[in-house]
1. Strands (runs of 3 or more DSSP E) wholly in the stretch 60-123 with at least 1 residues that are at positive phi and surrounded by 15 or more Cβ atoms within 10 Å (Cβ to Cβ) - which ones?
2. What are the residues in the stretch 169-181 that are surrounded by fewer than 18 Cβ atoms within 10 Å (Cβ to Cβ) and touching a Leu at 6+ places or on another chain (Cβ under 9 Å), if any?
3. Is the stretch 277-295 home to any residue that is surrounded by 17 or more Cβ atoms within 10 Å (Cβ to Cβ), of a type in the set (A, V, I, L, M) and touching a Leu at 6+ places or on another chain (Cβ under 9 Å)?
4. Name the residues in the stretch 134-168 that are buried (at least 16 other Cβ atoms within 10 Å of the Cβ), closer than 24 Å to Gly320 by Cβ and not aliphatic (A, V, I, L, M), would you?
5. Confirm whether Glu136 is within 20 Å of Lys311 (Cβ to Cβ) and among the acidic types (Asp, Glu).
6. State all residues of the stretch 178-226 that are without any contact (Cβ under 8 Å) to a residue 40 or more places away in the chain, hydrophobic (A, V, I, L, M, F, W, C) and on the phi < 0 side of the Ramachandran plot; if no residue qualifies, say none.
7. Return the residue satisfying two criteria in turn: it lies in the stretch 348-375 and is among the hydroxyl-bearing types (Ser, Thr, Tyr) and under 21 Å from Pro209 (Cβ atoms), and of such residues it is nearest to the chain's Cα centre (by Cα).
8. Is at least one residue of the stretch 10-33 under 23 Å from Gly223 (Cβ atoms), touching a helix residue (DSSP H, G or I) at 6+ places or on another chain (Cβ under 8 Å) and among the small types (Gly, Ala, Ser)?
Amino acid sequence: MIEERGVKIATQKVQRKRKGKVVVLHLAARYPFAGVIWQLVHHLLGLSQLGLDVYYIEDHRAYVYDPTIETTTTDPSRNLKVLGRVLERFGFGERWAFLDSVKEQYVGMSRERCMDLFRDADAIINLCGATEPRQEHERSRCLVYLETDPGVMQLELMRKIPTTTAFAKSHKLFFTYCYNIGAPDCLLPTAGLDWHPTRPPVNLEQWHPGVGAAEPPAFTTVGTWQNSGSDMEIAGETYHWSKHLNFRKALEVAARANQPIEIATNLTGGADYERAIAGGFSITPAVPMSLDVDAYREYISRSRGEFTVAKDIYVRTRTGWFSDRTVCYLAAGRPVVTQRTGFEKFIPTGAGLLGFDTPDEAVDAIGEINADYARHARAAREIAIEYFDAVKLLDEVAVAAGI
């Protein structure tokens, strides 16, 4: 049992410390947004707290995105300074490397050190499928694919896309945030793979409830308004890799609920912007707030809670997907109102976390939270502890990998 603020919460404790060497592959330098960096940090810290010897190597060979100029660049130096400071702060200052594909040089740990780690690692975790596996990655005893954005891989495997098939064959274990995969109501195929459903981990020590006002005024959320490029077809019907379509259906919720809701996003004008403002929403730029891990954490912690929707491809296919940003709100003790994806089959809703399918349900959910905010705030943190603790979730990965 964990007792926090006088509330006893049943948790499944990790019984013993694990021993082994783990390398995490990711894309935090490629996309140096705070949410992406926190995703990496939660994994690195969780694995370390299990007792594992943990390293970070980013060697996808892609150009990086510089959010200050809003384009890709061959110069990763700015992004590496941002990421390097964060990794140093959390104890990984001498445990990371980035492959500059233009100069063919490793920044941080040497090439030789990275090759040794790949060879000696008990597991390499390809977080987000960030890296196309090469010979050096396949030397590991266990290359793990940890998928945070389900849909494309499953459908391309079903269509026998050669590059996707080769990518999958390089891995030994497959984890996915498609928690409902294999269930009759989930439209995404397993494509013949043995998937291990999982959820986004959060390091509870980094998110403390009670920051800011006891009852902040505005619900918020953070993210890109419209994504493109990964829409998929299932049985002749298109499923969209974007959540703006679902936001469009909810742009009157703020006014109807008489509740301030702010969206930190890149939307600056147009019909969606005008409808959002008319519907009682406020819109603020996500940059620069979303470029700093502390500013991002403070923004979430000082919010009343999160109001958000999910990508169309997660919702209509009944994936059971859950957002790694949303778990930060829960860990900070901020209630969440979010669109159902099937996650409600596995995570309790009704207190601290409320799902909706329609705008009417969203308005009612906000009203329920506002009627007893303190209870919902406590319940949000309890859900984070019980269902999203990084140590527990990543221990499941370690067990499956035989560490």
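The values are calculated or read from the model by the stated rules, or taken from the named source; none is laboratory data. Computed from a predicted model, the values in this text were never measured in an experiment. Because the Cβ atoms are built from the backbone with ideal geometry, glycine has one as well, and the counts that use them run over all protein chains shown.
1. Per the criteria, 105-108.
2. Ser170, Lys172, listed by residue number.
3. The answer is yes, given that some residue of the stretch 277-295 is surrounded by 17 or more Cβ atoms within 10 Å (Cβ to Cβ), of a type in the set (A, V, I, L, M) and touching a Leu at 6+ places or on another chain (Cβ under 9 Å).
4. Tyr145, Glu147, Thr148, Asp149, Pro150, Gly151, Gln154, Glu156, Thr164, Phe167, listed by residue number.
5. no
6. Leu193, Trp195
7. Filtering first and then ranking leaves Thr349.
8. Within the stretch 10-33, one or more residues are under 23 Å from Gly223 (Cβ atoms), touching a helix residue (DSSP H, G or I) at 6+ places or on another chain (Cβ under 8 Å) and among the small types (Gly, Ala, Ser).
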